[in-house]
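What follows is a single structure, written as C-alpha cells, with notes after it.
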Amino acid sequence: MVEFEGLIILEPAGKYTRHVLKVNKVYAVEKTPYQEIAFVEIEGFGKALVIDNFIQSTEADEHIYHELLVQPAMALHPKPEKVLIIGGGEGATLREVLKHSTVKRAVMVDIDRDVVEFSKKYLEVMHKGSFHDPRAEVVIMDGLVYVEKASERDFDVVILDLTDPYAGPAAKPLYSYEFYSKLKNIMKRDGVLVTQAGSSYFYTQEYLYVKENLSRAFKYIGEYWTWIPSFAVNVNFIIASDAYNPLELEPDEFDKRMRERGVKNVYIDGRRFKGLILVGVIYPRGFTPQ
Ligand code: SAM
C-alpha cells in the first residue's frame, strides 16, 4: 500500500528503518493486478517510480543502479548479441543494454503492462526512447512463464531487474534455484547472468537465499554492491556464469570492451568495478555467513 501522508512517502527501506521522502507531485497511482505503482516527483530526487511503497528508481541516481546492474555483465561477455531482460519496467535497463553496438536483439519481459505504459509516458528521462529501438522487443508476461515457453534458447546475457526478493509476491519465484536452472536452458553455454539481489545488510537471509541458489546453478559468481541514496539501503548485485569468472575481469579489458562497442558510462568503469567486486559484501554485526 503506497502511503501518502499528506505528500510524504514512508518507504519501508530496511526491516527496521523507514525512509521519509517528500513528494512534490503525483503523476499517476495505479493498483494493477500485480502491484501498486506510483509515478511521482520526489524532492531532491526528481521523477521516480515507486512499487508497493519501495522506490524502484529516481531520476537523480538511477544511472548508478542501472549501469552497475548491466555494464559488468555485458563487459564480462566477449560479444553479447542477444540479451534477455526480465523486469526492468522503466526501460532504463533496456537503455543500458542497447548502448552496446554488439547487441542485435534485446527482449524485455515485464509482467505488468501498466508499469511499461506509464513509464513510456512519465519516465522518458530514464528510458530515453529505448522502447522504440528496432533491436528491442517488449513482452508483457510473467518472466517465469516466458522462460518456460521461450522458443529462443540462445541468449548471451540475461539481466534480472525485478522487484526485491522481499517485496511483493510476483518476483519471489524468480530468485529460486529452479528458476535459475530453467534460465540456463535458454542461455548459451558461455552465457552471463546478473540479478539485483536486494540488500545483504537489511535483508540478510533473503540475500543469502539468492546467493545460495546462484552458487548452486553456476560455476562462477561475483558479488558487488553500492549505496543508492534514494533507496536508503545498500543494493547488492550477483553476476554468474559457467564460462567466465567475474573476479578475473581486469579493468583494461572492461574498458576496452566498452570502448570497442561505443559504450559511454557516467558512473562505472573497469577500475571501479574491480574495486567493488573486491570490497566484499556487508552484513549486520555478528553475522558470519558460512
Ligand atoms: N530497480 C528496481 C529495484 O532495484 O528494485 C527494479 C526495477 S523494475 C521497476 C522491477 C520490475 O519487475 C517491475 O516493472 C515489475 O513489474 C517487474 N516484475 C516483478 N515480477 C515479475 C515477474 N514475475 N516477471 C516479470 N516482471 C516482473
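The values are calculated or read from the model by the stated rules, or taken from the named source; none is laboratory data. On a predicted model such as this, the values are computed, not experimentally measured, just so you know. Cβ coordinates were reconstructed from backbone atoms using ideal geometry, including for glycine residues, and neighbour counts include every protein chain displayed. Quick note on the areas: whole protein, heavy atoms, side chains included, nothing else; ligands and nucleic acids left out. Shrake-Rupley method; radii C 1.70, N 1.55, O 1.52, S 1.80 Å.
Numbers below:
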| quantity | calculated |
| --- | --- |
| Computed [θ] at 222 nm, helices only, for the chain once each DSSP H run of length n ≥ 4 contributes -39500 (n - 2.57) | -8500 deg cm²/dmol |
| Accessible area of the chain divided out per residue, in Å², using a probe of 1.4 angstrom | 41 |
| Sequence of K188, K25 when ordered by accessible area, the most exposed leading, probe 1.4 angstrom | K25, K188 |
| Rounded, prolate or oblate (a/c below 1.5 giving rounded, otherwise prolate when a/b exceeds b/c) for region 64-178 by Cα gyration tensor | rounded |
| Length added when fully stretched, E43-F287, from 0.36 nm per residue minus Cα-Cα | 84.3 nm |
| Cα-projected label distance for I8 with N245, points at 7 Å along beta-carbon direction, nm | 5.1 |
| Packing-based ranking, highest mean first, of 10-17, 77-84, 180-187, 235-242 given that Cβ atoms within 10 Å are counted | 235-242, 77-84, 180-187, 10-17 |
| nm² value of the averaged projected area, convex hull over the Cα atoms of region 138-290 | 10.1 |
| Anchor K182: lysines whose Cα lies under 16 Å away (excluding residues fewer than 8 positions away in-chain) | K149, K172, K219 |
| For peptides 40-48, 211-219, 153-161, sequence by mean Cβ density within 10 Å, most packed first | 153-161, 40-48, 211-219 |
| Among A106, T17, L247 - extreme Cα towards positive end, dipole of the chain, charges at beta-carbon | L247 |
| Cα gyration tensor category, rounded, prolate or oblate, for the chain with a/c compared to 1.5 | rounded |
| Of all DSSP beta bridges in the chain, antiparallel share, percent nearest 5 | 65 |
| Rounded if a/c under 1.5, otherwise prolate or oblate - region 182-266, Cα gyration tensor axes | oblate |
| Fraction of antiparallel bridges per DSSP, region 149-290 only, in percent to nearest 5 | 75 |
